[in-house]
Amino acid sequence: MKVSHYTVHSPRTISEALNILKDGAARPIAGGTDVMVQIKDDLVKETELLNLSYIMDLNYIRDDGDFIRVGALTTYSDLIRSRLVNEYSPVLVEAARTVGAVQIQNRGTLAGNVGNASPAGDGLPPLFATGAKVKLQSEASEREVDIGDYFLGVRKTVRQPNELITEVSVRKMKPGDYYFFKKIGLRSANAISLVSVAAVLVPAEVLTFKEARIAMGAVAPTVIRAKSAEAAILNCQLTDEKMKEVGRLASEEAHPITDIRATAEYRKQAIAGAVYEGLYEIVNGFRSPVNGSSV
Amino acid sequence: MPEVEAVKLASEEILQQGYSYINRSYQRVDALDKVTGKIKFFSDMKIEGMLFARVFRSSVAHANIVTLDTTEAERLQGVRAVLTYKDVPGLNAYGAIIPDAPVLGYGKVRFYGEPLALVAADDQETAEKALGLIKAVYEPLPAVHSMDESLKPEAPKLHDRGNIARHALILKGDVDRAFKDAHLTLERTYRTQSQKHMFLEPEAGIAYTDELGNLNILAGGQNPYRDKMQVARSLNISPEKVRVINYPAGGAFGGKDDVTVQIHLALLATKTKRPVKLVWNREESGIGGFHRHPSLITLKTAVNDDGRLLANDSHIYLDTGAYQSFGPTVLDVTIEVINGPYLIPNIRIDANLVYTNNGISSAFRGFGGPQGNFAIESMMDEMAEEMKMDPIDFRLKNLAKSGDIGPFGNSMRNMEGIHEALSRLRNSPLWQLGKELPPKPWIRRGTGVAIAIKGVGFGTIPDYPTAAVELLPQGKIKVLFSNPDYGQGVNTGNAQIVAEALDLPMNEIEVVNADTQYSPDTGSSSASRGTFTSGNALLVACNKMLDRLRMEAALYLESTRDGIEYASGRFLIKGNESKSVSIYDLAKGLRAKGETLKFEGTFEVPRYPEPVKGTLEVPHVVYMYGAMVSSIELNTLTGYLDVKNVDLMADIGNVINPLLATTQCEGGIVQGLGFATSEELVYNQDEKPMNTNYTTYIVPSIADIPKMYVEFIKTYEQYGPYGAKGMAEIPIVPVGASIANALKQASGVRYYQLPLTPGRVLSKLHDQGQG
Ligand SMILES: Cc1cc2nc3c(=O)[nH]c(=O)nc-3n(C[C@H](O)[C@H](O)[C@H](O)COP(=O)(O)OP(=O)(O)OC[C@H]3O[C@@H](n4cnc5c(N)ncnc54)[C@H](O)[C@@H]3O)c2cc1C
C-alpha cells in the first residue's frame, strides 16, 4: 500500500483531531516511523490517517510538580535535548539515545512508541521503571492510565479507537536515585532490541536500596516488571553474588520468544547479563545518581 | 607478449622520474554529479510510454510444475504482456559460465523465487495485481536445505548429473606420508554463511527498441558485453542488435556480474514494442538475487617440531544453490587461497561445488576468497598457538618467498610486499593493545591477525581487454573502456592513467561510461581486474596515439621522429624549444584530411598457458596480498562483539589513487565485518529466505564501524599499468579470520563458524564455561 491510498486529515488543534477521531475510523500518525513501515507492509487496515504533525499544542515538555508532562508530538531528540528530562528522568534520556539512529530520534515520538505497543519499544521500560501515566482524550472524555495498566498484549492496549494519546506524564526521579538502561541489539544503531531493561533504584543508605523498579522489554508480550529481582535488591549489600542472583531472578521472570533475531534461550541469558551489568556499574562507581538540584 | 613489454618499459621509465597524476588522490570524477543527484539511476528514470514489469516467482523451492495458468492475468485491463518459457525465442537459459539456469522456469522449480513468468503493464499496481492472478500448480519434491543433506546418497537429485556440479582433486607431494612424520596434526571443520550484497539499488533496468530496431538495455551490471551476449543468445538475435549500458549502478559487489533483469527486460520490450522498466523490490532482491556461496571446509594440517608447515589436506564444499552461475570459478578461488601464501610441501585439495535448493550463489567480492581464508587463517592461528609460537612469527616463518614454487607449480612473485606487511603489523600499536586490562570484568579484549592472498583477474582464462582513446581537436581526450564504474572508481583511476600517459591535465580527460555502442570490450568489472585490464589496454592505446602524432609532428616541425620530443600536449624539436606544436592542432589538421585520432589498444593479460587440472583458471600470475590485525572487545555476558580497530597493510602494487584505494579498503573491511559478525541469509522450512530487508538482515551501521587504518606497502607490479595490481577484493578476504582469531584471544574459545552473532558467541562461551 501507499500513503496516497489513504485519506489524510491534518488538523491544527486537538479538538479538531478528536472530532475526526470520533468514529474511530482514522489511524493516528505522529512521526510515522512505525506507521509508514506498516503501510508498506499492508498492515494498516484503516482507510484514513490522522496526521498529528501540525498540532502545535501537542509538542511540549512541561514541569509539573512530581511529573514531567510530555506532549504527544515530542520526539526522542526533544527529550535528549531537554534540560528538565536530563535532570529528572535521565533513564529516559539514556533509552532515547538508543532508539534507531538520529534520523529516527528526530521524527519518532514517545507517544508513538506507546501507541505502537511493541514489547521491544525502547521508550517503554523507563516509563515502567519510573511510573508514568498515559493521557487518553476523546471528544467526550479524558482519562489517565497507569503505564502498567495500559498494554494488554502485542499491539493491544486499552486505548479506544476514538481516543488519542495526548500526553505521557513521566514521574520525576528523586535526587540520589540510581538508574540504568541497557539494550541488546544486533548492531549499534537501527537495531530492534533483542532484550532491554530499565531500572530505578532508590537508596536507603550508601549503596543499599529501599525501592527498586526493574522493567524488561522484549521478553514477554508487553514490557514487564521483574518483581522478584526487584525484591531481592532491597535492603541488602549488593555483593557480586547478589547481583548475579538478581540477574538470574530477572531472567526467570522473562518469557521471551525465539524469532529470526535470537533464541528465547539467548534472550534469557542476555537479560540476566544486562541486569548484572547495570547493577555492577552502580555499585562500582561507573554511574552517578540523579542530581536534581541544578535546575 | 610485445605489448606487455612496451607497457613495462614505459612504466619503469616514468617511475624513475616520478609521476604527475599517479599516486595522487583525485576525487572521483563523478562524485559531484552523484551527490547533487544529477546522475539518474535507472530505477529513477522514466521514459515516455514506459511499461512496468514484474516477475512471477515460484513459491516453492523444489517441485515439478504441473500447470502454469496466465489467462486471467492476460485478461486484466492494463496488462500488455504475460510471458512464460514458451515466449523465449532462443536459449531458455543463462549463466556466466555454464548456462544452466532457466530464463523462465519450465518443468521443474529448483529454488524459492525462481522466475516463471513476466508481466508488463501500464502501471506498477496493475503489474502487481496481474502477478496475483497467475496460477501455478506444483507437485512438490523434497527440498535439499544444506550441503550436508545434498551430499547424502539418498538425497533428492537436483540435476540429472547429480548434486555435485563440479569436482577437482589437486595433489602435490604426499600428504598421507607427511602426516605420519608430523610433529603435530590438527583437523578442523569451518563453516561460513550465505552473505547478500545488499547494494542500495536493487537489480533494476530499462529496455527499449530504438528507431534503428536495436534493443537498448540500460541496467546496472558488471560486464556489458557478456550481458549483450546472454541477451542475444536468449532472444535469438544477433548481438549487433543489442546495446547494453551499465552505468550508473547503485552498487554491485559481484551481485550484478551475471544477468539479473537484462534478459527479462529484453523479452518484454521486444514483445510489447514499448519501453519497459523492471525494478526488483528489496524482498525480491533477497529471494531472487545472488549471494555468496556458503562453505564447509575441513582442513587437516601438519607441522614439524620446528613449526614448519608440512602438509595441508583440504576438503572444500561450496553451496552453489540451484544453479552454477559463477560457482565453478568461485570454487577455483577457494582452491587457490586454501593454502594461503605459504610454502607447504605436501598438499591435497578435494574441492566440490554442491547443488542445494538455496537460491543461486554467485560472485561476491572476494569470490570464494573469504571462505577459504577463514579456514586456513583460523588454522594457522590455532597451529601457532599449539606450537606456542607468536602468530606473526609462525606466519612469517612459513610464508613463501619470491622464486618459491607455489602449490600449483606456479612461481611465487613479489613476495617481499607481504613479508614487509606482516613484519610491520607486529609493530602496530594494536598488536600490543590486547594486553591492557579493560575496566569492566565482563569485557575481554583480544587482537587477531590474518593474512590474505587473492588473484587479480581471470587466471589462466585467456583475457584480451581492449580499450580506446580518442583525441578531440577541441581539446579533450575521450577514454573508452567497458569495465563499468559501479562506484568503485575505475573511471577516475583510468583518467589518471591516461593523464599520466599523455602528460595532460585531468580536466582534459573525459571518460565515457561503459556502453557497448562506444566502449570497446574490456570485459568485466570483477576479480579486482578493472584497473589492471583497462589501464593496461589504455596505455597501449595511448602509446599508439602518441606514435601516430609523433610522425605527424615530425612532418609539421620539419624534423624526424627521433628529432622531436613530447611533453604536456606538445611536440617540440629537441634542443630548440621555440619550435613546437600542440597535439590538438595536429588533430585539427588531420581531421581536415578526414583522419580521426581514435586508437584501440589490446592487452594480453599475462597467464600460465594451462589451468591446473579440474579448474578453469588456477593459478594467477598476479596476486594481491594483505595483512590484517583486528582488535575486539567481547561482552561475555551478552556475547556481543565490538570490533574496535582494524589495521590493513596491503600490497596492491603501485597505488594509482591513494584516496580511492583507501576508501575501497575501508568499504571492503566493513563488508567483511558484516560477513564476520552479523550478516547471514536465513531460510525457513520451505526454503524461503526470511531476512531480506535491512531490518532483519543485519548489515553493519555507521555506528558499528571500527577505527580503520590502511597502509599500502610500496611495491611495483611489472605487468601492471604504472605498477598497479588490483585491490577491491583484498581488504574483505582476511576480515573473518582476523576477528575470529581476536575473539579466541579474548575469550579462550575458538569459533569455527561465521557469522559471530551474539547468540552463537554466547552459546559456545557457556558450553565452554567461559560465560
Ligand atoms: C529505522 C527504524 C529504527 C527504529 N528503531 C527503533 C528503536 O531502536 N527502538 C524503538 O523503540 N523503536 C524503533 N523504531 C520504531 C519507531 O521509531 C518508534 O516506535 C517510535 O517511537 C514511533 O513513533 P512515531 O511518532 O514515529 O509513531 P507513528 O509511526 O506515527 O505511530 C506509531 C503507532 O502509534 C500510534 N500513535 C501515534 N501517535 C499516537 C497518538 N497521539 N495517539 C494514539 N495513537 C498514536 C499510531 O497509530 C501507530 O500505531 C524504529 C523505526 C525505524 C523505521
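The values are calculated or read from the model by the stated rules, or taken from the named source; none is laboratory data. This one's a predicted model, so the numbers in the text were calculated from it and none came from an experiment. Cβ placement follows ideal geometry from the backbone for every residue including glycine, while neighbour counts extend to all protein chains displayed. Side chains included, ligands, DNA and RNA excluded: accessible areas come from the protein's heavy atoms. Shrake-Rupley method; radii C 1.70, N 1.55, O 1.52, S 1.80 Å.
Can you give me the C-alpha center-to-center distance between the range A:51-97 and the range B:563-615, rounded to a whole angstrom?
About 68 Å separates the Cα centre of the range A:51-97 from the one of the range B:563-615.
What nm value, rounded to one decimal, do you get for the distance between residue B:157 and residue A:158 when each label is placed 7 Å out toward the C-beta?
In this crude label model, residue B:157 to residue A:158 measures out at 6.7 nm.
Computed FRET efficiency, Cβ-Cβ of residue A:57 and residue B:33, R0 51 Å: what is it to the nearest 0.05?
The calculated FRET efficiency here is 0.70.
Under 19 Å from the Cα of residue B:152, which aspartates and glutamates turn up, not counting those fewer than eight places away in the same chain?
Correct list for residue B:152: B:160, B:319, B:350, B:687.
Using packing as a proxy for protection, rank A:11-21, B:459-469 so that the peptide with the highest average count of other Cβ atoms within 10 Å comes first.
Result, highest mean first: B:459-469, A:11-21.
Taking amide H positions as placed 1.01 Å from N in the peptide plane, with prolines and chain starts having none, which residues 5 or more places from residue B:242, or on another chain, fall under 5 Å of its amide H?
Under 5 Å from the amide H of residue B:242 lie the amide H atoms of B:215, each far enough along the sequence or on another chain.
Rounded to the nearest 0.05, what FRET efficiency do residue A:42 and residue B:241 have when you use their Cβ-Cβ distance and R0 = 51 Å?
Numbers: r = 42 Å, r/R0 = 0.81.
Calculated transfer efficiency: 0.75.
Determine the shielding of peptide B:695-706 by partner chains: average, over its residues, the number of Cβ atoms on other chains within 10 angstrom of each Cβ.
Across B:695-706, the average partner-chain Cβ count within 10 Å equals 4.
Give the share of C-alpha pairs in each 10 angstrom bin for chain B, from 0 to the last occupied bin, in whole percents, shortest bins first.
So the P(r) values, bin by bin, are 3, 14, 23, 24, 19, 11, 5, 1, 0.
Taking the DSSP beta bridges in the protein assembly as shown as the whole, what percent of them are antiparallel, to the nearest 5?
Approximately 80 percent, going by the DSSP bridge assignments.
How compact and how long is the range A:143-295, expressed as Rg and Dmax of its alpha-carbon atoms in Å?
Every Cα atom of the range A:143-295 included, Rg and Dmax give 16.5, 51 Å.
Taking Cα atoms, how many degrees apart are the long axis of helix A:264-283 and the longest axis of chain A, rounded to 10 and kept between 0 and 90?
60
Let me spell out the model: positive unit charges on the Cβ of Lys and Arg, negative unit charges on the Cβ of Asp and Glu, origin at the Cα centre of chain B. What dipole size does that give, in debye rounded to 20?
Magnitude of the dipole: close to 460 debye.
Among the DSSP beta bridges whose two residues both lie in the range A:1-173, what percent are antiparallel, rounded to the nearest 5?
75
Cα extents of the range A:54-121 along the three principal axes, largest first, in whole Å?
Per principal axis, max minus min of the Cα coordinates gives 30, 27, 22 Å.
Measure nothing fancy, just the Cα-based angle from helix A:240-253's long axis to the longest principal axis of chain A, in degrees from 0 to 90, nearest 10.
40
Which pairs, out of A:244/B:388; B:454/B:688; A:40/B:38; A:268/B:300; B:86/B:613, put more than 31 Å between their alpha-carbon atoms? The partial results should precede the final answer.
On the way: A:244/B:388 36 Å; B:454/B:688 33 Å; A:40/B:38 28 Å; A:268/B:300 38 Å; B:86/B:613 39 Å.
Cα-Cα > 31 Å for A:244/B:388; B:454/B:688; A:268/B:300; B:86/B:613; rest within.
Just to be sure I follow: if Rg is taken over the C-alpha atoms of the range A:76-165 and Rh is the Kirkwood radius over the same atoms, what is Rg/Rh? The partial results should precede the final answer.
Details: Rg = 13.3 Å, Rh = 13.7 Å.
Using Cα coordinates only, the ratio equals 0.97.
Using a 7 Å offset from Cα along Cα-Cβ at residue B:97, what residues in the range B:519-561 end up with backbone N under 15 Å from the label point?
Correct set: B:527.
Among the lysines, which fall within straight-line cross-link reach of residue B:598, defined as a Cα-Cα distance under 28 Å, with same-chain neighbours fewer than 8 residues apart omitted?
Partners within reach: B:8, B:228, B:241, B:476, B:478, B:544, B:574, B:579, B:588, B:725.
Restricting to DSSP H runs of at least four residues, report the calculated mean residue ellipticity at 222 nm for chain B, -39500 (n - 2.57) per run over all residues, nearest 500 deg cm²/dmol.
After summing the helix terms and dividing by residue count, I get -8500 deg cm²/dmol.
Once both labels are modelled 7 Å past Cα along the beta-carbon direction, what's the residue B:578-residue A:207 spacing in nm?
9.2
Taking one equal scatterer on every alpha-carbon of the range B:15-109, how large is log10 of I(q)/I(0) by Debye at q = 0.11, 0.13, 0.19, 0.23 1/Å?
-0.65, -0.76, -1.08, -1.25
Run through every distinct alpha carbon pair of the range B:563-688 and return the Kirkwood hydrodynamic radius in angstroms, one decimal place.
That comes to 21.8 Å for the range B:563-688.
Out of residues 5 or more away from residue B:691 or on other chains, whose amide H comes under 5 Å of its own, with H placed 1.01 Å from N in the peptide plane?
B:682
Once Rh for the range B:644-759 is found with the Kirkwood sum over Cα pairs, what is the Stokes-Einstein diffusion coefficient at 10 °C and 1.306 mPa s, in µm²/s?
Taking Rh from Cα pairs, D becomes 100 µm²/s.
Just counting partner chain Cβ atoms within 10 Å, what average do the residues of peptide A:189-195 show around their Cβ? Walk me through the intermediate numbers first.
Numbers: counts 5, 8, 6, 2, 0, 4, 1.
Mean partner shielding for this stretch: 4.
Considering just Cα atoms, how many Å³ per residue does the convex hull of the protein assembly as shown enclose?
Considering the Cα atoms of the protein assembly as shown, their hull volume per residue is 196 Å³.
In chain A, what percent of the accessible surface is made up of carbon and sulfur (1.4 Å probe, ligands and nucleic acids excluded)? Let's see the in-between values first.
Values: 6180 of 12410 Å².
For chain A, the apolar C and S fraction of the accessible surface comes to 50 percent.
How long is the gain from residue B:48 to residue B:567 if the chain were fully straight, where each residue apart is worth 0.36 nm and the alpha carbon distance is subtracted?
182.0 nm
Take the Cα gyration tensor of the range A:1-173, multiply each eigenvalue by 5, square-root it, and list the three semi-axes largest first, rounded to whole angstrom.
One finds semi-axes of 24, 18, 15 Å for the range A:1-173.
Which value in nm describes the separation of the simple spin-label points at residue B:476 and residue B:551, placed 7 Å from the Cα toward the beta carbon?
2.8
Any idea what diffusion coefficient the range B:500-627 gets from Stokes-Einstein, in µm²/s, Kirkwood Rh on alpha carbon pairs, 10 °C, 1.306 mPa s?
Using the Kirkwood radius from Cα pairs, D works out to 90 µm²/s.
When DSSP assigns beta bridges and you keep just the ones with both residues in the range A:167-290, what percent turn out antiparallel, to the nearest 5?
95
At 10 °C and a viscosity of 1.306 mPa s, what translational diffusion coefficient does Stokes-Einstein give for the range B:118-242, taking Rh as the Kirkwood radius over Cα pairs? Give it in µm²/s as a whole number.
74
Extent of chain A along each principal axis, from alpha carbon coordinates, in Å, largest to smallest?
Ordered largest first, chain A gives principal extents of 59, 44, 32 Å.
Could you tally the net charge around residue A:54, taking each other residue with its Cβ under 11 Å from the Cβ of residue A:54, Lys/Arg +1 and Asp/Glu -1?
-1
Rounded to whole Hz and in sequence order, give me ³J(HN,Hα) for the range A:198-215 from the Karplus expression 6.51 cos²θ - 1.76 cosθ + 1.60, θ = phi - 60°, writing x for Gly and Pro.
Each residue of the range A:198-215 in turn: 10, 9, 10, 10, 9, x, 9, 10, 4, 6, 10, 10, 9, 8, 8, 10, 10, 10 Hz.
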